[in-house]
1. Name the residue that is surrounded by the most Cβ atoms within 10 Å (Cβ to Cβ), counting only residues in segment 128-153 that are among the acidic types (Asp, Glu) and part of a helix (DSSP H, G or I).
2. Residues that are under 23 Å from PRO96 (Cα atoms) and in contact (Cβ under 8 Å) with a residue 60 or more places away in the chain, at least 2 per element: which helices (runs of 4 or more DSSP H) completely within segment 338-420 meet that?
3. Which one of these is among the aliphatic types (A, V, I, L, M) and surrounded by fewer than 11 Cβ atoms within 10 Å (Cβ to Cβ): VAL4, VAL44, VAL14, VAL57?
4. Would you mind stating whether LEU307 is in a loop (DSSP other than H, G, I, E, B) and either touching an Asp or Glu at 6+ places or on another chain (Cβ under 7 Å) or modelled with pLDDT of 95 or more (or both)?
5. What residue, among those in segment 185-241 that are among the charged types (D, E, K, R) and in a loop (DSSP other than H, G, I, E, B), is surrounded by the fewest Cβ atoms within 10 Å (Cβ to Cβ)?
6. Taking the criterion of being surrounded by 13 or more Cβ atoms within 10 Å (Cβ to Cβ), within 30 Å of GLU24 (Cβ to Cβ) and either touching a Pro at 6+ places or on another chain (Cβ under 6 Å) or not β-branched (Val, Ile, Thr) (or both), would at least one residue in segment 69-83 satisfy it?
7. Take the residues in segment 269-323 that are hydroxyl-bearing (Ser, Thr, Tyr) and in contact with a helix residue (DSSP H, G or I) (Cβ under 8 Å, 6 or more places away or on another chain), then tell me which one is farthest from GLY154 (Cα to Cα).
Amino acid sequence: MLSVEFIRQNKEKVIEAAKNKNREVDLDKILKLDDERLNLVHKVQKLREERNKTGKVKPDEKTIQRGKVIKEELKKLEEQLTINNQQLNELLSFVPNVPLDEVPIGKDATGNKEIKKWGKIPQMDFPPKSHIELGKNLDLIDLERGAKISGFRGYFLKNQLAQLHLALLFYVFNKLTNKGYTPIIAPAVIKGFALFGSGQFPWSEQDVYKLNADDAYLAGTAEQPVTAYFSNEILNENDLPKKFVAFSPCFRKEAGAHGKDTKGLYRLHEFMKVEQVIIAQNDIVEARKLHEELQKNSEEILQDLELPYRVLLMCTGDMGEPQIKKYDTETWMPSRGAYGETMSNSIMGDFQTRRLNIKYRKPDGKTEFCFSLNNTALASPRILIAILENYQLKNGDVLVPKVLQKLVGFEKISYAMSSP
């Protein structure tokens, strides 16, 4: 959330940022409400000062009557102030963050800029099969029974692919733990404030599963609970940055994706994810360095798996409301004949921490809102698409990436292994 002070000082910049992120905002109404708020606060303060003064003298009929009037006036003003704050905060919650200057301006994905490629796209001397075909032939994926049991986008992972799925998550979790990131298992059931704090609410509420309890939702990513971990706390500057590698199951309705990637394992209602989350100082220079560190971590994982990928600098219209800068990493998927998104790396500035009230104390005693950053380390089973399709052989078998062979105990998935 942006502060009113920032909006006042950067009104045209905020208007332009909202426009470039395809969002409408009413800054004039926000500033008018804030003016009213300041006026109400001033009146309340004056009346309280008067009440305190009269309370120090011996009461007479006049001061008693004045006290009653002050009490009634304060009650009305405080009620008006409560309503004003509610209206102001509601409007502020819809104002998106302001991107950094290097972010390209664009309305949609066509405005993204490719900044890097790694690895060679495999040249196969046979028609490559999709992960759906491979999964069915090798008895690794059951989409039909998944849909029967779970509904649309339901799935079962079976046999060696189930082992590979867990091995991947374990490998990545340990890799980042060994880099000094604090390992954490995040809850999947979270309260609404965590979703508001992350910026999921109000823009993407339709994608969230709400449970029967009054304030209980299923998390769409570990970013949401882990970023909220320090909510309403003041940290010590010397303890920053706080770096987490977080595991959680993830749940998304994919309400805005009807008719998009409906087959296979690319777009699912539930999956597992290892997420990188950092809570840092309010320092854009440090944030840029941490952003590159997060990116390096994710690229290392894909290089370990020997999967070709590319990195995109996301444009304003395709980066989301809370971000000030975002990279997407896309991995080559032969059945698509294209790269598919597998990681998303964002600097959020103090947008989330203002909503969650996460601050740190400086040596001089002053406090400031932290910065937050996050990046996918691994999302599975989506990454399995790239592994199955890039590692397939002409005879229909699938090789296992070398870094995972010791973990799973086999080098290749073949029909003979998968048969009952």
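1. Residue satisfying both the conditions and the ranking: GLU133.
2. 351-356
3. Testing whether each residue is among the aliphatic types (A, V, I, L, M) and surrounded by fewer than 11 Cβ atoms within 10 Å (Cβ to Cβ) leaves just VAL57.
4. yes
5. Looking at the filtered set, the residue picked out is ASP214.
6. Within segment 69-83 (the criterion being surrounded by 13 or more Cβ atoms within 10 Å (Cβ to Cβ), within 30 Å of GLU24 (Cβ to Cβ) and either touching a Pro at 6+ places or on another chain (Cβ under 6 Å) or not β-branched (Val, Ile, Thr) (or both)), the answer is yes, since at least one residue qualifies.
7. The extreme case among them is THR316.
Quick grid of which residues meet (1) under 30 Å from GLU205 (Cα atoms); (2) out of contact with any Leu (no Cβ under 6 Å at 6 or more places or on another chain); (3) assigned by TED's automatic domain parsing to the domain that holds ILE301; (4) at pLDDT 95 or above:
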{"position": "ASN345", "(1), (2), (3), (4)": "yes, no, yes, yes"}
{"position": "GLN352", "(1), (2), (3), (4)": "yes, yes, yes, yes"}
{"position": "GLU389", "(1), (2), (3), (4)": "no, yes, yes, yes"}
{"position": "LYS394", "(1), (2), (3), (4)": "no, yes, yes, yes"}
{"position": "SER414", "(1), (2), (3), (4)": "no, yes, yes, no"}
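The values are calculated or read from the model by the stated rules, or taken from the named source; none is laboratory data. Model, not experiment: these values are computed from the prediction. A quick note on method: Cβ atoms are made from the backbone with ideal geometry, for glycine too, and the neighbour counts reach across all protein chains shown.
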